[in-house]
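Dumping the structure here so I can ask a few things about it.
The values are calculated or read from the model by the stated rules, or taken from the named source; none is laboratory data. This is a predicted model, so every value here is computed, not measured. Neighbour counts are summed over all protein chains in view; Cβ atoms, including those assigned to glycine, are modelled from backbone coordinates with ideal geometry.
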Amino acid sequence: MNTRADTIAAVASAPGAGGVGVLRVSGPLAAMIALALFGRAPRPRHAHYTAFRAGNGEVIDRGLLLWFPAPRSYTGEDVLELQAHGSPVVLRLLLARVLELGARHARPGEFSERAFLNGQIDLAQAEAVADLIASGSETAARAAQRSLEGDFSERVRALTERVVRLRVWIESAIDFPEEEIDFLADAGLAALVDAARADSRTLLAATRRGVRLAGGCTSSSSGDPTSASRVCSTRSHRASARSSPKSPAPHATCCARLSSSMESPSRWSTPPACAKRVTPSSAKACVARVSSSNGPMSPSW
């Protein structure tokens, strides 16, 4: 079944409500649908303000009608674009009217598929359309736009031409071995091979960058979260001690916790970092040193 003979239609704007909604029609019946909605033949590539009417003559909405005759259109076919208010209800009614006039629902990506099949874009540009729509950053959007403009395709064509020239040169040497001239010994051939290899490396690197831009990267944090929190706590204690000279040293707080909790160590949900290397006897000595240097210990410790 030749689906390219069908006239397809779909809402081209993003889902949801908005100021403006766009409905696109492509195929052989687009001219007849434009005539039925506008009342006369529209002028190519001009915006016409008109009322979009249902089959019973009731006005669905008022908006702009744009007509792009083949082959100077996105798909290479006759294309009609209708711009109305971006209400999902209005767009649904307008689409129903277009389907009533002979079009069918377009499949996802079918407009770009027809553009590719009609030679308007190549495969790399068709993929760039999807990348541009799904781009999540300015860098990704610019890269997709360059591919859509044909930058990547042009580089592929240039590399293909180099490889074809190499093939012709090598096949000529194989087909005519009786010739006295050694084609493969020509210095120009070696330079051509080096240039093709360099172009292929550059192209592969650009492709890998494009894949990373389009797909993004995934990062993860691994390790013991308890250890990480103890490290952060120790660093914050050190920073506060440096900024506040009168505050007790970090080991004073640690030793005080040891002293107050020696009878029931199970009270700690997470022991401090120094607990593994401090025994009850050494903790008492530590507390005594802190008390003699900083004054009597507060009962609130």
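Pairs, please: C-beta under 7 Å, at least 6 apart or cross-chain, first residue not assigned by TED's automatic domain parsing to the domain that holds G109 and in the range 133-147, second outside any helix (DSSP H, G or I) and polar (S, T, N, Q)?
Every condition considered, the pairs that remain are A141/S135; A144/S135.
Related question: Any chance you could count how many residues in the range 1-17 are assigned to a helix (DSSP H, G or I) and either of a type in the set (D, E, K, R) or touching a Phe, Trp or Tyr at 6+ places or on another chain (Cβ under 7 Å) (or both)?
1
If you don't mind, another one. When you scan the range 42-57, do you find a residue that is assigned to a helix (DSSP H, G or I) and at negative phi, even just one?
Within the range 42-57, none of the residues are assigned to a helix (DSSP H, G or I) and at negative phi.
What is the number of the single condition among (1) β-branched (V, I, T); (2) surrounded by fewer than 16 Cβ atoms within 10 Å (Cβ to Cβ); (3) under 15 Å from V22 (Cβ atoms) that V79 does not meet?
For V79, the exception is condition (2).
Then there is this: Name every residue in the range 117-145 that is assigned to a helix (DSSP H, G or I) and either more than 23 Å from P71 (Cα to Cα) or at pLDDT below 80 (or both), in order of residue number.
Answer for the range 117-145, where residues must be assigned to a helix (DSSP H, G or I) and either more than 23 Å from P71 (Cα to Cα) or at pLDDT below 80 (or both): D131, L132, I133, A134, E138, T139, A140, A141, R142, A143, A144.
Return the only residue of R92, R97, R62, R40 being surrounded by 18 or more Cβ atoms within 10 Å (Cβ to Cβ), farther than 24 Å from V129 by Cα and not hydroxyl-bearing (S, T, Y).
From the options R92, R97, R62, R40, the qualifying one is R97.
Tell me which of these E171 doesn't satisfy, since it passes every other one: (1) more than 26 Å from the chain's Cα centre (by Cα); (2) exposed (fewer than 12 other Cβ atoms within 10 Å of the Cβ); (3) modelled with pLDDT of 85 or more.
Against the list (1) more than 26 Å from the chain's Cα centre (by Cα); (2) exposed (fewer than 12 other Cβ atoms within 10 Å of the Cβ); (3) modelled with pLDDT of 85 or more, E171 comes up short only on (3).
Residues are listed down the side, and each one gets a yes or a no for (1) outside any strand (DSSP E or B); (2) modelled with pLDDT of 95 or more:
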position	(1), (2)
G19	no, no
L35	yes, no
W67	no, yes
Y74	yes, no
A115	yes, no
